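Only one structure is covered here, and it is reproduced in the block below.
Each reported figure results from applying straightforward, stated rules to the coordinates on display, with no laboratory input. All values reported here derive from a predicted model rather than from experimental measurement. In this analysis, Cβ positions are derived from the backbone assuming ideal geometry, glycine residues included, and neighbour counts consider all displayed protein chains.
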Amino acid sequence: MNKVFGYARVSTADQSTDTQIEALQKYGCDRIFQEKISGLSVQRPALDEMLSLLREGDTVVVSRFTRLGRSRDHLINLIGDFASKGIIFKALDLGIDSATPAGKLVIGIFAALAEYDREMILEKTRAGQLLAKAKGKHIGRPSGVNQDNYHKVKKALDKGLSVAEIVNLTGISISSVKRYRKEISSK
């Protein structure tokens, strides 16, 4: 039997989920998950629990569209995951229902806008990198080998120290130590 799950969230401990809960109860949710946690927080135990219980044909209902995701992109990704798994999404404040053609259209428009936004950010980033490169600025990790660090790693390896010990002793990053070790062992 398909279930209807409600989700309510407020950003701070002094806010109340009461109005969201009331709307979700009025809608007829079988189970309501709620949390008082910032939208920026990656740790969302109630949301994670709800997501783990969802099955094809179930419905997720929120009283306000913005309460589900951490960000617009997170929200769009969640809704996209719901669609691919056959889960219906409803936002009561905007009248969005992913089971209807109009709801699918609205969700599609939001997804397209999010994709457009991501593409524009990438385009601006690439343009900035090309401009910096044209001005002679190096972008990314420094090329080549830091001779001081290389010799420190070589000396430590000759003494039989492990990668972790070398990292702790020298403060050189683990990836650099491994890269130098690989270079040393190939000689």
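In percent, how large is the relative contact order of the range 55-181, given Cα pairs closer than 8 Å and 6 or more residues apart? Can you show the working numbers first?
Working: 99 pairs, mean separation 19.8, N = 127.
RCO, the range 55-181: 16 percent.
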### Message
For the chain, compute Rg over Rh where Rg is the Cα radius of gyration and Rh is the Kirkwood radius from the inverse mean 1/r over Cα pairs.
### Response
1.22
## Note on the structure
From the Cα centre of the range 129-187 to that of the range 66-96, the distance in Å is 44
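Output the antiparallel fraction of DSSP beta bridges having both residues in the range 1-152, as a percent to the nearest 5. Each step should come with its number before you reach the end.
On the way: 2 of 16 bridges.
Of the beta bridges lying entirely in the range 1-152, close to 10 percent run antiparallel.
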### Summary
For the range 5-21, in residue order, the Karplus 3J(HN,Hα) values (coefficients 6.51, -1.76, 1.60; θ = phi - 60°; whole Hz; Gly and Pro = x) are 9, x, 9, 10, 8, 10, 7, 10, 4, 7, 8, 10, 8, 3, 5, 5, 4
### Query
How about Lys124: which lysines have a C-alpha closer than 24 Å to its C-alpha, ignoring those fewer than 8 places off in the same chain?
Lys133, Lys135, Lys137
### Summary
In terms of the charge dipole of the chain, which places +1 on Lys and Arg and -1 on Asp and Glu at the beta carbon, the residue among Gly103, His74, Val163 farthest towards the positive end is Val163
### Summary
Taking Cα atoms only, helix 101-134 is inclined relative to the longest principal axis of the chain by an angle, in degrees rounded to 10, of 20
### Query
Under 12 Å Cα-Cα from Lys85, which aspartates and glutamates qualify once same-chain neighbours fewer than 8 residues away are excluded?
Glu56, Asp58
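Rounded, prolate or oblate: which one fits the range 94-157, using the alpha carbon gyration tensor with axes a ≥ b ≥ c (rounded when a/c is under 1.5, else prolate when a/b beats b/c, else oblate)? If you can, show how the numbers build up before the last one.
On the way: a/c = 8.75, a/b = 2.50, b/c = 3.51.
Oblate, because a/c is 1.5 or more while a/b does not exceed b/c.
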